[in-house]
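Enquirer: Can you keep this structure in mind? I'll have questions shortly.
The values are calculated or read from the model by the stated rules, or taken from the named source; none is laboratory data. This one's a predicted model, so the numbers in the text were calculated from it and none came from an experiment. Reconstructed Cβ throughout: ideal geometry from the backbone, glycine too, with neighbour counts over all protein chains shown.
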Amino acid sequence: MSFLDNLESSLKNLESQEERDPREHQRRQDERTRAVAVGPWAEQLKTGPYTQKLFEQAAIAGHRIRTKIYMAWFDDMLRLEARERRLEFRPTAEGIVAAFIEPDGATKTQAVNLKSDPAELLKQWLDSNPNPA
């Protein structure tokens, strides 16, 4: 079977799978609606001055406590990680939510004001860490 035949067969299988699962269209529509609602907040998080200040303050705070703070983007979510704890910035339709995730999986969330100083949020996250340097 040639590549094109294989591709055509795969596409037909996907189409027939969609026909068998009528909820698939609704799921995709819901995901599209969520992406449109979250889009402006995700863009502000990715390109706004708050994030630049956050990166600067995280580097300073990490140096102060002698710990590397790892920063990574996962799609439209920003994750900071230090000493087995994570701080995730998750865009929602209502704004940005910070999730404080402990090593045992416990999670605490709070809304983020993008006009505030990110150093306060970093201090709250790092001061809650019971394992000092």
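Enquirer: Restricting the search to the range 67-85, which residues are part of a strand (DSSP E or B) and out of contact with any Ser or Thr (no Cβ under 9 Å at 6 or more places or on another chain)?
Expert: Result: Tyr70, Met71, Ala72, Trp73, Phe74, Met77, Arg79, Leu80, Glu81.
Enquirer: So, in the range 43-100, of the ones that are of a type in the set (Asp, Glu) and more than 20 Å from Leu126 (Cα to Cα), which residue ends up surrounded by the most Cβ atoms within 10 Å (Cβ to Cβ)?
Expert: The residue in question is Asp76.
Enquirer: Now for a separate question. What residue, of Leu45, Leu7, Leu14, is in a helix (DSSP H, G or I) and at pLDDT below 80?
Expert: Criteria check complete, one pass: Leu14.
Enquirer: I need the full set of residues from the range 86-106 which are modelled with pLDDT of 90 or more and either part of a loop (DSSP other than H, G, I, E, B) or within 20 Å of Arg34 (Cβ to Cβ) (or both), in order please.
Expert: Glu88, Phe89, Arg90, Pro91, Ile96, Val97, Ala98, Ala99
Enquirer: From the residues in the range 47-100 that are at positive phi and touching a residue at least 12 places away in the same chain (Cβ under 8 Å), which one is farthest from the chain's Cα centre (by Cα)?
Expert: Arg66
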